[in-house]
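Computed from the coordinates by the stated procedures, all read-outs in this text should not be read as laboratory data. What you see is a predicted model; the values in this text were computed from it and never measured. All Cβ positions, even for glycine, are placed from backbone atoms using ideal geometry, and neighbour counts span all protein chains on display.
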Amino acid sequence: MHAKSSGSALVLVVEDESEIADIVGAYLQREGLRTAWARDGREALQLHLALNPDLVLLDVQMPVTDGWEVLSALRQRGGTPVIMLTALEGDVDKISALRIGADDYIVKPFNPSEVVARVRAVLRRTMVTSVDLAPAVLRAGPLELDRQSHSAWLHVQGERRPLMLTVTEFRLLQVLAQVPTRVFSRAELMDACLPEGDTQERTIDSHMSKLRKKIEQLGLEGMPAGVRGVGYCLERR
């Protein structure tokens with residue numbers, strides 16, 4: 001696969017079946033996106049470092065290094081958006097992917113047009129536009145978010161500690177931080193932060209659990225706060 005436009009987003013397709021990779025790549029390129037292809041997990045990690053793609057389409061079942069290992073490694077590096085491609089359609093596998101840090105999950109066999117739509121949806125949330133009127137830096141209590149660089153920090157015990165987030169986790173915190181004491185329903189958070197498709201409300205709980213653990217590791221308890229039967233807020237009064 002070759003790049004078509006240096007000004008468009010770059011999608012790294014990680015797929016050991018060349019026919020599937022070619023079809024997905026062709027559909028993405030037709031939409032003006034650039035693509036690169038990795039044949040296995042090891043090559044995917046190498047190309048991720050070399051190319052710094054805007055999004056990774058990641059197959060689960062691959063030789064050498066499988067998709068779960070690749071996803072974990074990518075999350076240790078930062079917040080590059082990841083959409084999983086897999087033949088496993090059980091809810092357990094979907095929840096596992098989201099807990100590890102995937103931004104979306106597509107089950108094989110899939111319609112290539114749907115893949116393009118999901119990619120576009122994730123990229124829209126990832127790329128902050130310069131005409132956005134909200135403040136570039138959002139502060140709420142101990143939380144600090146830089147919307148332009150998608151960076152986050154916690155101010156704890158006099159220290160400014162970096163918070164490593166996935167794109168979806170950043171979006172969730174961004175929504176909650178705009179009105180810190182307001183309780184947002186799961187449906188509202190899904191509409192604002194999760195891809196289109198058959199996503200269920202309980203996936204919000206998985207993202208929030210992962211997010212809360214990251215914040216607890218930096219020394220802050222109870223953020224975001226869950227409100228039973230309603231949803232979530234950044235902090236309770």
| request: Give me the percent of Cα-Cα pairs in the range 146-237 that sit more than 16 Å apart, rounded to a whole number. | output: 52
| Taking N as the number of residues in the range 1-81, what is its Cα Rg relative to 2.2 N^0.38 Å? | 1.01
| query | Amide H of ARG236: which non-local residues (sequence gap of 5 or more, or other chain) have their own amide H closer than 5 Å, using H built in the peptide plane? | reply | none
| Full-stretch length increase - GLU31, SER18 - with 0.36 nm per residue and alpha-carbon distance subtracted | 2.7 nm
| Inter-label distance, nm, simple model (7 Å from Cα along the C-beta direction), ARG99/GLU221 | 2.3
| task | Please sort 9-18, 221-230, 201-210 by packing, taking for each peptide the average over its residues of neighbouring beta carbons within 10 angstrom, highest first. | result | 9-18, 201-210, 221-230
| Sequence-distant or interchain residues sharing an amide H contact under 5 Å with MET164, placed H: which? | none
| remark: Pseudo-spin-label distance ARG182 to ARG228, built 7 Å along Cα→Cβ, given in nm, is 2.6
